[in-house]
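Some notes on the structure that comes next.
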Amino acid sequence: MSEVVELAIVGAGPAGMSAAVAAREQGVEVLVLDEQAAPGGQIYRNVEAVASGRPGAAHALGEDYRAGAALVRAFRRCGARHMPSTAVWEIGAVARRQDASAPFELGILRSGSAKFMRARCVIAATGAQERAVPIPGATLPGVMSVGAAQTLLKSSGLVPDAPAVIAGSGPLVYVVASQLLRAGAPLRAVLFTAAPAARIRRRPRALPAALAMPGALRKGLAWRREMARAGVETLDVANLALDGVDRVESVCFTHRERSRSMPAPLVLLHEGVVPSVHLTLAAQIEHAWDERQHAFRPARDQWGNTSEPGLLVAGDGAGILGAEAAMVAGRVAALEAAHRLGKIDSRRRDALARPHHASLARHWRFREFLDIAFEPDETVLRPSRPGLVVCRCEEVDVSEIDRVLAHGCLGPNQAKAFTRCGMGPCQGRMCGTIVSEIFAKRRRTGVGEVGHYRIRPPVKPLTVGELAALGDTGPEPAATEGA
Amino acid sequence: MFRRLPDPAGRIPFDFEGEPFEARAGDSVAAALLANRVLTFRTTPVSGAPRGPWCLIGNCHECLVEIDGEPNRQACMVEVRAGMRVRRQRGARVVPD
């Protein structure tokens, strides 16, 4: 007999943790399922251990990161059940099939054992992932995402000890460059692929948007000064390509119309972040294409309600807005969940949420500035260079996608059948939006009309043995933390 | 490639491709390999090209290795344990008997 929780929250990042705290304040019974061993999400990964016992990493990662410890503390104390090291591989709506009082069935995997759990309400706080960067040589060992370098610093106190090259666009480039410098890592150069200053000049809406959050703007300028003070070479570049035989050896690019190259034993790439939508896509709720953020996200209202009543989304998984906003959105979704569960009436919900909605509006205004300033280049969004690998798992390149397009292939799902693109272990996490963008461009239609690969559960690796054991309900896995 | 900031975590012995390696408590298998200057974690099933981790947060599946005989494990999502036997995954995974 499987247990039913009032509210299941998927993800213990800023949105999931603050949703848990806010829901508990309204007397909701909460279970938080999270893939990591400790709460924090990607942004506050390992923050408890770092803040309490690793002064080197704590200093390098900075004040904004350490501030996450306060939210983790509030989360630990809020009375939510926390199930760490737990992957959620499906959110299924079963209302129409059987039990209206527990309409959601969550497929989970914990300590090598898969099972289903039931919830009356679900908040998916799945967070963000870095956009794939399809440039020549990007699959070489020694080429990682900027976020990966940051993850190594947070989780293991590891910093590059060879002169790394950082290349790309987006706030995280500045954040991580300054963190690595503070940790004493040698940086060979920081290469900017999006020429943010030129983009801001071309778009009149950018500057007023920037002023919506002057504090954030000042922070960005401080990171730039930090790079300048450290004497790191910073260049606006185009035509970025990586070279090497069994691992990356050099970076090639054009700067002011001239070709250049530099040795690079480690290259860190970044072209912004996009919502992690595999779990919500597999839940078959409606998704929309966000033109400004060049990404799919779940369609949702101002509370985080999706097309499936009782399934809510919050945080960057619902649209990229950053960690601070994710905390606010988590509270908003929790208030709506509390209302849906009959804990508070709509007037109380509205009154409690009013300042949060105002704060989110400010964040969205500022986000427009970031979306304009750091918009990835066309060559990253819709690569057209023949032979360039798009699907890393199955090694399907642009030419092959073009070939099936020329033969009348209808869309990304049919392209899977023809080429195997999107059918490898990552399930299209890396190539999904790229393939949709290529189809939209060649078919001269919108990416939303083209759509995303159909994503089916399980969205996390599950062995046949684990699947076969699903029928056994067995004892409830003990939640280790929380009251 | 990477060095450690001062870290109080305990040391953990594990084995990579039959060689003794050292990790720190709390490392993922991927972090432990990178700390030991391993960049190539696998070769691809299609062309045999060398690959290493890209995202380290469980999305890209580029860091697949064999752990204690079990193939297709995401090195970035598994915490290293004392005595673990880790091998590169060469080409397509082999399903154990």
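The values are calculated or read from the model by the stated rules, or taken from the named source; none is laboratory data. Computed from a predicted model, the values in this text were never measured in an experiment. Neighbour counts are summed over all protein chains in view; Cβ atoms, including those assigned to glycine, are modelled from backbone coordinates with ideal geometry. The protein model used for the area step is the full one, side chains on, heavy atoms only, and it has no ligands, DNA or RNA in it. Shrake-Rupley method; radii C 1.70, N 1.55, O 1.52, S 1.80 Å.
Structure data summary
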{"read-out": "Top-ranked residue in the range B:42-68 [being away from chain A (no Cβ under 11 Å) and open to solvent by 40 Å² or more (accessible area, probe 1.4 Å); ranked as nearest to B:Ala31 (Cα to Cα)]", "value": "B:Glu66"}
{"read-out": "Verdict on A:Ala177 being touching a residue at least 24 places away in the same chain (Cβ under 8 Å), surrounded by 24 or more Cβ atoms within 10 Å (Cβ to Cβ) and closer than 28 Å to A:Glu48 by Cα", "value": "yes"}
{"read-out": "Failed item, numbered, when A:Gly184 is tested on (1) open to solvent by 10 Å² or more (accessible area, probe 1.4 Å); (2) part of a helix (DSSP H, G or I); (3) of a type in the set (Gly, Ala, Ser); (4) within 15 Å of A:Gly231 (Cβ to Cβ)", "value": "(2)"}
{"read-out": "Strands (runs of 3 or more DSSP E) contained in the range A:67-161 and holding at least 1 residues open to solvent by 20 Å² or more (accessible area, probe 1.4 Å) and at pLDDT below 95", "value": "A:86-93, A:104-110, A:113-124"}
{"read-out": "Members of the range B:24-55 found to be closer than 15 Å to B:Arg73 by Cβ and either among the polar types (S, T, N, Q) or over 11 Å from the mean Cα position of the chain (by Cα) (or both), listed by number", "value": "B:Ser28, B:Arg51"}
{"read-out": "Residue satisfying condition, being surrounded by fewer than 22 Cβ atoms within 10 Å (Cβ to Cβ) and at pLDDT below 95, within set A:Gly53, A:Gly27", "value": "A:Gly53"}
{"read-out": "The one condition in (1) in a loop (DSSP other than H, G, I, E, B); (2) over 30 Å from A:Gly387 (Cβ atoms); (3) under 11 Å from the mean Cα position of the chain (by Cα) that B:Arg73 fails to fulfil", "value": "(1)"}
{"read-out": "Complete set of residues in the range B:22-41 that are surrounded by 23 or more Cβ atoms within 10 Å (Cβ to Cβ), aliphatic (A, V, I, L, M) and more than 7 Å from chain A (Cβ to nearest Cβ)", "value": "B:Ala23, B:Val29, B:Ala30, B:Ala32, B:Leu33"}
{"read-out": "Matching residues, the range A:24-60, being small (Gly, Ala, Ser) and away from chain B (no Cβ under 14 Å)", "value": "A:Gly27"}
{"read-out": "Qualifying residue in the range A:239-253 (condition: in contact (Cβ under 8 Å) with a residue 40 or more places away in the chain, among the hydrophobic types (A, V, I, L, M, F, W, C) and touching a helix residue (DSSP H, G or I) at 6+ places or on another chain (Cβ under 7 Å))", "value": "no"}
{"read-out": "Residue within the range A:161-182 that is closer than 23 Å to A:Trp364 by Cα, out of contact with any strand residue (DSSP E or B) (no Cβ under 9 Å at 6 or more places or on another chain) and away from chain B (no Cβ under 14 Å) present", "value": "yes"}
{"read-out": "Tally, over the range A:292-308, of residues that are part of a loop (DSSP other than H, G, I, E, B), out of contact with any Leu (no Cβ under 6 Å at 6 or more places or on another chain) and touching a residue at least 12 places away in the same chain (Cβ under 8 Å)", "value": "9"}
{"read-out": "Selection from the range A:444-473 of residues that are out of contact with any strand residue (DSSP E or B) (no Cβ under 7 Å at 6 or more places or on another chain), surrounded by 14 or more Cβ atoms within 10 Å (Cβ to Cβ) and in a helix (DSSP H, G or I)", "value": "A:Val450"}
{"read-out": "Subset of the range A:265-291 that is within 12 Å of another protein chain (Cβ to nearest Cβ) and in a loop (DSSP other than H, G, I, E, B) - its residue that is most open to solvent (accessible area, probe 1.4 Å)", "value": "A:Pro265"}
{"read-out": "The listed residue being over 21 Å from A:Ala125 (Cβ atoms) and more than 14 Å from every other protein chain (Cβ to nearest Cβ), out of A:Glu90, A:Glu63", "value": "A:Glu63"}
